[in-house]
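Report on the following structure.
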Amino acid sequence: MKRRSVLLSSGLALTAPILTATPSEAAPAPLTNLAHLNFLRDSVSPPAQAGHTTYGPASIGVLWTYAEPNPDGTFRRIGGGAYDPASNTYGQGAFNADDIARAAVVYLRHWRLTGSPSSRAASYELLRGLAYFQTVTGPRSGNVVLWMQPDGALRPSAEPLDSPDPSDSGPSYWLARAVWALGEGYAAWRTADPVFAAFLKQRLDLAIGALDRQVLNRYGTWQVVDGDRAPAWLIVDGADATAEAVLGLAAYVSSGAGEVARRALRQFAEGIAALSDGSVREWPFGAVRPWALSLSDWHAWASQMPAALARAGQVLGDADLVRPAVTDAAVFTPWLLTSGGPDNGRLPARIDRNQIAYGVDSRLQSLLAVADATGRAGFRRLAGILAAWYFGANAAGVAAYDPATGRTVDGIAGDGAVNRNAGAESTIHGLLSMLVLDAHQDVAELARQGHIADRIGSTTVEAEAGSGGTVVTPPSPWTGESQFSSGSYLRMAAGATVRWQLPASAQPQLVLPIADLRPGSAAVTRWSSGGRGLGAVRHWRIGAQGASLAPGALLPVTLAGEIPPGSTELVAATTGGEAVLDAIMLEPLVSRYAIEGNGHTTTLLRSAARSPQTVAAPGRAVIETYDAQGVRRATGRAVVLPGGFTVIRT
């Protein structure tokens, strides 16, 4: 991995990566196999449509959205929505700009990594296809239509409707992903074909202009979300969508873009950084939140916020942008891995336990981007542990990616059920992951330990499991910004006492009741275990609703005390008014996650303790201890530092 480095006045070395395997990292058998992605590719000659043009010939490269298995093991390509065979159309469409953009990134990165002429040609065709989806005239100029039918007819209003509708009527995830692809496309093609690169620059500038007038016109303004201040200049109010645009902007700016693009890069990155939240012991544990309008929502898919901040910090030479990415990587990611992995929805409990390649890849890309930006090897260790998901370290215990076919499954549920479809999105992100593993052989070697040996981390007790109170099932578990974890909650009237029986733990545990906090509430719940007071939740400690989609917030509140080892009872007593509880998160002071394979075991330890914790380790183990910034510390023994993580390899 070759890098260019710049040392800032803070002393933090920021390195700009070039995805190139060095001789010492060369893999005898690459993991990346483009066969299935090639199968999903197609070409079409769209009919003339006002406001839509492209570069070169009329035929453009496109990508089928989904792929389902046939009984004989082959796959068939299909579109999205209900299919009408009489008209050969889909309710949504056959091809979409989201997947075309991200597939172009796969081919661009493969071309740059390997020099492949076929990937160069594929990136060219898909970038031309993506450009056709962009509206180039009128008030929607620069925006992107999402769907296209098999004959090339664009479908601005799909069934079901997209947001926005029509899909090119405002900023969107697909506009952000178009910026990502066009930015990386320009960086790759500017010397290979300057004329084509000039076309990509024109279209990228058009997209940036759309973001300028629709999103960045609010730069510097803030909205109130349950009393917190949130940036009003993120694409669709999302740090997730904005992060993918930032990846493209960073590539563009590093390739000589002008001041408009540089300003957009900085402003978007500042907005993403503003959503860094929590701490080692408090939700969301140092993560960069993906959605500005919710304090309770985190999801793994599209969670490339740390990658975007790391890349922006590198390109702009700004260590302040990298710091929230470091905290997300060093503090939040170990919590995520020990508590169950990259779920589709922590809302805030582990409600949607489905795990997909888009989520795994987003986390993998982020860890490696932060490793590149800081030079800290601990993040590469975390990346390898995370990437083991593809090779069997998941709820199903089976490989999610097949290097013989290039297919990645469409998801693995929390109960181990495997979705054997292999659509475009999963294929794309599986391949993006394989590309970085091929470029980082130390990470790939660790990732091949594809079996979960042990996991002891955050667990959830449903509030309704207690004795006392009233169970309430609302019409919908979704509140507008979060979700009740079992579809119901526990209502505690003033004066009520509820008791829960817990499994005994060998170590102290933090207690985080997930409470529905409401402005104006008078309720206080006081918590105890084994006769020892743990602290109180004041259910009014939440700010004004503001732009939030629901009054109050469903949030974990960390109690001051800890459940002592061996205690099996938890008690809550309510005074002052009615309290609503969703669940209780229990967090061991030292969490662990172990994977094994190929004769080796790797164990990740994460500490929420306030002092160093000594742990047992085999005599011949390799022990690496890192602090809460991912800096390796020499301790001379097996210890986990406060807020830090330790990796033990045998």
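The values are calculated or read from the model by the stated rules, or taken from the named source; none is laboratory data. None of these values were measured; they are calculated from a predicted model. Counting neighbours? That spans all protein chains shown, and the Cβs are built from the backbone with ideal geometry, glycine included. Calculation scope for accessible area: heavy atoms of the full protein, side chains included, ligands and nucleic acids excluded. Shrake-Rupley method; radii C 1.70, N 1.55, O 1.52, S 1.80 Å.
Here is how the numbers come out for the structure above:
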quantity: Of all accessible heavy-atom area on the stretch 541-650, the percent that carbon and sulfur account for (1.4 Å); calculated: 51
quantity: Length released on extending from residue 260 to residue 560, taking residue separation times 0.36 nm less the Cα-Cα span; calculated: 103.2 nm
quantity: Where the Cα pairs of the stretch 430-511 fall when distances are cut into 10 Å bins, in %; calculated: 13, 25, 23, 20, 15, 5, 0
quantity: Calculated [θ] (222 nm, deg cm²/dmol) that DSSP helices of n ≥ 4 give over the chain, each run adding -39,500 (n - 2.57); calculated: -9500 deg cm²/dmol
quantity: log10 of Debye I(q)/I(0), alpha-carbon scatterers only, for the stretch 492-542 at 0.14, 0.24 Å⁻¹; calculated: -0.44, -1.07
quantity: Alpha-carbon spread of the chain, three principal axes, descending order, Å; calculated: 77, 59, 56
quantity: Accessible area of the stretch 225-384 belonging to carbon and sulfur atoms, whole % at 1.4 Å probe; calculated: 43
quantity: Linear extension gain, residue 35 paired with residue 192, 0.36 nm per residue minus alpha-carbon span; calculated: 54.1 nm
quantity: Sites residue 58 and residue 82, calculated FRET efficiency, Cβ-Cβ separation with R0 41 Å, nearest 0.05; calculated: 0.90
quantity: Radius of gyration and Dmax over the Cα atoms of the stretch 82-171, both given in Å; calculated: 14.8, 44
quantity: Debye, to nearest 20: dipole size of the stretch 414-467, +1 on Lys, Arg Cβ, -1 on Asp, Glu Cβ; calculated: 160
quantity: Candidates per trypsin sites (Lys or Arg not before Pro) in the stretch 586-618, loop by DSSP, up to 16 other Cβ within 10 Å; calculated: 610
quantity: Alpha-carbon centroids, the stretch 160-205 and the stretch 339-413: separation in whole Å; calculated: 27
quantity: Rounded FRET efficiency, nearest 0.05, which uses the C-beta distance separating residue 43 from residue 70 and R0 of 30 Å; calculated: 0.85
quantity: Solvent-accessible area of residue 262 with every protein chain in place, 1.4 Å probe, in Å² to the nearest 10; calculated: 90
quantity: Label zone at residue 578 (point 7 Å along Cα-to-Cβ), backbone N below 14 Å, the stretch 468-501; calculated: 469-475, 489-496
quantity: Value of Rg to Rh for the stretch 489-587 (Rh from inverse mean 1/r over Cα pairs, i.e. Kirkwood); calculated: 0.99
quantity: Accessible surface of the stretch 439-527 [probe 1.4 Å, protein heavy atoms]: carbon and sulfur percent; calculated: 51
quantity: Å² per residue, accessible surface of the chain at 1.4 Å; calculated: 35
quantity: Unit charges on C-beta of K, R, D, E only; dipole of the chain, Debye; calculated: 1620
